[in-house]
1. Is it fair to say Gly137 is at positive phi, in contact (Cβ under 8 Å) with a residue 24 or more places away in the chain and of a type outside the set (Ser, Thr, Tyr)?
2. Mind counting the residues in region 205-253 that are outside any loop (DSSP other than H, G, I, E, B), under 23 Å from Phe179 (Cα atoms) and either at pLDDT below 95 or more than 21 Å from the chain's Cα centre (by Cα) (or both)?
3. Pull up region 210-238, narrow it to residues that are surrounded by 16 or more Cβ atoms within 10 Å (Cβ to Cβ) and in contact with a Ser or Thr (Cβ under 8 Å, 6 or more places away or on another chain), then point me to the one that is farthest from Met195 (Cα to Cα).
4. Do the conditions hold for Val8, that is, is it surrounded by 19 or more Cβ atoms within 10 Å (Cβ to Cβ) and in contact (Cβ under 8 Å) with a residue 60 or more places away in the chain?
Amino acid sequence: MTSSPIKVALVTGAGTGIGKAAAKALLHGGFKVVLTGRNLDKLTAAIQAIGGNDQNCLPVRCDVGKPEEVKCLFAEIKGHFGRIDVLFNNAGMGAPAIPMEDLSYEQWMNVVNANLCGAFLCSQEAIRMMKAQSPQGGRIINNGSISAYAPRPMTAPYTATKHAITGLTKSIALDGRPFNIACGQIDIGNAGTEMTIPMAAGIIQADGSNKAEPLMDVDHVGQAVLQMAQLPLESNILSMTIMATKMPFVGRG
């Protein structure tokens, strides 16, 4: 009786929040999981928290906005596991909530590098591996955001990059077809993480008011990522929106 081939998933921005929840779901869904981020201590703590060990999880420090670090990340994945089946491009950040004209170029580029360039660079390396490995193919899942459809006030860098992720997702889905590479996007609204704590206290709305917004359990997002990841490669969820049921998205503005 032959053993089942291993399935390997990479989660970027995996030390906390959505990335940690996705890593947990993928691990318990049968994947070997590579967790990457800029803080190795957070990655190792996350592995312990999700019930992982050195047999099924690999922490790798990487700034996904830096091409040389991304290349080293994928070289380590290839050397350790030999393949990659799922990439979850989750790493991202926002800029201060100030008028667009007051943002510095550095603040703009920090968001572009983390949210957009990071997703591009990781996808580029994943595609190279997925094309070359046997069996050929794999799946890329991009963390879009509800901001890929509707911006919040004073979020130009974040909103612009998340709109761009939608274009990147469609391009990868198209260009990956001949090589059995699927690509989809998950757009998340108000998952309960460290980043969204202020929403429960009150966040600025389109009319200038401040209102508290409902949050949802971040583990529900992890399960949604797992659902996308476990599909056979003949099927693809091109776009999924998961949100707190009562958040003000439908009808926002």
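The values are calculated or read from the model by the stated rules, or taken from the named source; none is laboratory data. Keep in mind that what you see is a predicted model, and the values were worked out from it rather than measured. Cβ coordinates were reconstructed from backbone atoms using ideal geometry, including for glycine residues, and neighbour counts include every protein chain displayed.
1. yes
2. Within region 205-253, residues that are outside any loop (DSSP other than H, G, I, E, B), under 23 Å from Phe179 (Cα atoms) and either at pLDDT below 95 or more than 21 Å from the chain's Cα centre (by Cα) (or both) number 0.
3. The selected residue is Met216.
4. Details: surrounded by 19 or more Cβ atoms within 10 Å (Cβ to Cβ): yes; in contact (Cβ under 8 Å) with a residue 60 or more places away in the chain: yes.
Judged against the criteria, Val8 is a match.
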